Amino acid sequence: MASKDASTRKEHGFATRLSHGGRAGTHIHGFVNPPLLRGSTVLYPSVADRIAFGKKRMEQELIYGVMGSPTHHALEDVIAEIEGGTRCQIVSSGLAAVTTPLLAFLDAGDHCLMPDSVYGPARSFCDLMLKRLGISTTYYRPDIDEGGLAALIRPNTKVVYAESPGSHTFEMQDVPMLARVAHAHGAKLLMDNTWGIHFFQPFRHGVDVSIQALTKYVVGHSDVLLGSVTTNSDADWERLRGTALALGQYASPDDCWLALRGARTMGVRLDRQMRSGLEVASWFRQRPEVRQVLHPALPGAPGHEIWKRDFTGACSLFGVVFDPRFSVEATQAMVDSLTLFGIGASWGGYESLALPTTGFITRTAGSGDFGGPACRFHIGLEEPADLIADLERGLAVLRDYPR
């Protein structure tokens, strides 16, 4: 656990808290970064001490390796600070950060509401694993209004899930409204906040459990798989922590240490990538080949008013819908022609990525039709002018593709 002397007080700015969170402090004798601690077996001075520590299963104590080490705890403190919550559980991947709280807050016979725009593996988990456990799922349109959502609530609805914006098609959700409806019916609101990172403070808007794929911007270098789940109440924390321990959820301390190192520079990376992302998205918007740009931070884009109300910034992931005169195959040829954009499914690293999405997204509640073939773009740390020049060449391939 971070020292009481560490400069992580709430009045400090985000970059300051990233720099000082999870550290022993400044006026110490020792290295700047906390040590990397690996281990499985923990020794005790006496049997009495062993019994006493065994009663602290929910605490940040050295009990057994799978329950975490000071390396894990330091990262958990930093993520809880970023999210504005009180306690955080580090898990093995972004998907584990989705599935662990679903298993924590849903029992056999319960019902879950999921947005139609939800991350694909989360949908698969609901349709396969939760169904096998006797838990039913209803998918709702991400732009649903309060009355429509309330009409979908059942007596056994225990979880309303949000992902705002959706990680492929960037629909914004009215999170305070979702929280209001969920809580009125005794359900928990779980939210995937990976896009929002710290630009959206989930617990100020009624979220009960916030989910992050630390793989993305926190790690920042596309070389670690990691996830986090943050809560803001003791009861929610105990239920989540107990489920994580029962599942044997564990993250490598090496990966946690790398995530801590990534977090130190995340503020400057986010700022640069946000500005670059908006520059490239604005350029796309002026192109005749483009039908619309799905970037909530752009004025007039779908969901912009919700983004403006609830968010303080944006990450560098957005979608582009091309004119319907171009085929899906043409957009794929365009992506193939790019030299500075990798073709990959992740995001949040220092490198730019492009990924065709049309035909690869499942929808069952009538959402997701944007009137043309779409691609998702992640803008990294390259010079925006170089990326735009690369995209100029790609659009020439798009235009020349046989119709």
If you go through region 379-396 one residue at a time, how many are among the small types (Gly, Ala, Ser), surrounded by 20 or more Cβ atoms within 10 Å (Cβ to Cβ) and over 23 Å from the mean Cα position of the chain (by Cα)?
1
Checking 368, 349 in turn, the sole residue that is closer than 23 Å to residue 223 by Cα and either among the small types (Gly, Ala, Ser) or in a helix (DSSP H, G or I) (or both) turns out to be 349
Please work out which residue is surrounded by the most Cβ atoms within 10 Å (Cβ to Cβ), limiting yourself to region 340-368 and to residues that are of a type in the set (Ser, Thr, Tyr) and farther than 24 Å from residue 126 by Cα.
352
Matching option when the condition is of a type in the set (Ser, Thr, Tyr), surrounded by fewer than 20 Cβ atoms within 10 Å (Cβ to Cβ) and under 24 Å from residue 213 (Cβ atoms), among 99, 71, 86
86
Being surrounded by 13 or more Cβ atoms within 10 Å (Cβ to Cβ), assigned to a loop (DSSP other than H, G, I, E, B) and either more than 25 Å from the chain's Cα centre (by Cα) or at pLDDT 80 or above (or both) is the filter here, so list the residues in region 6-26 that pass it.
6, 7, 12, 21, 22, 23, 24, 25
Go through region 31-50 and give me each residue that's of a type in the set (A, V, I, L, M) and modelled with pLDDT under 85.
32
Picked from region 317-339 (must be of a type in the set (S, T, N, Q) and touching a residue at least 60 places away in the same chain (Cβ under 8 Å)), the residue surrounded by the most Cβ atoms within 10 Å (Cβ to Cβ) is 331
Could you tell me which of the residues 376, 399 is buried (at least 20 other Cβ atoms within 10 Å of the Cβ), out of contact with any Lys or Arg (no Cβ under 7 Å at 6 or more places or on another chain) and either assigned by TED's automatic domain parsing to the domain that holds residue 195 or charged (D, E, K, R) (or both)?
376
Count of region 125-155 residues which are surrounded by fewer than 17 Cβ atoms within 10 Å (Cβ to Cβ), among the β-branched types (Val, Ile, Thr) and out of contact with any strand residue (DSSP E or B) (no Cβ under 7 Å at 6 or more places or on another chain)
0
Pairing a residue in region 125-153 that is assigned by TED's automatic domain parsing to the domain that holds residue 94 with any residue that is among the polar types (S, T, N, Q) and in a strand (DSSP E or B), where Cβ atoms lie under 8 Å and the two sit 6 or more apart in sequence or on different chains, gives 126/137; 127/137; 130/136; 130/137; 131/137; 152/138
Any pair with Cβ under 7 angstrom, 6 or more apart, that starts in region 253-278 at a residue that is touching a residue at least 60 places away in the same chain (Cβ under 8 Å) and under 28 Å from residue 65 (Cβ atoms) and ends at one that is in a helix (DSSP H, G or I) and not aliphatic (A, V, I, L, M)
253/71; 253/72; 256/71; 256/72; 257/71; 264/19
Filtering region 73-87 down to residues that are in contact with a Phe, Trp or Tyr (Cβ under 9 Å, 6 or more places away or on another chain) and within 13 Å of residue 60 (Cβ to Cβ) yields 74, 75, 86, 87
Would you point out the residue of region 48-67, among those that are free of Cβ contacts under 8 Å to residues at least 60 places away in the same chain and assigned to a loop (DSSP other than H, G, I, E, B), that is surrounded by the fewest Cβ atoms within 10 Å (Cβ to Cβ)?
55
Residue 256 passes all but one of the listed conditions (1) crowded, with 20+ Cβ neighbours inside 10 Å; (2) outside the structural domain of residue 20 (by TED's automatic domain parsing); the exception is number (2)
Give the number of residues within region 295-330 that are among the charged types (D, E, K, R), in contact with a Pro (Cβ under 8 Å, 6 or more places away or on another chain) and not in a helix (DSSP H, G or I).
1
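The values are calculated or read from the model by the stated rules, or taken from the named source; none is laboratory data. Computed from a prediction, not measured in an experiment: that's the story for all the values here. Here the Cβ is made from the backbone with ideal geometry for all residues, glycine too, and neighbour counts use every protein chain on show.
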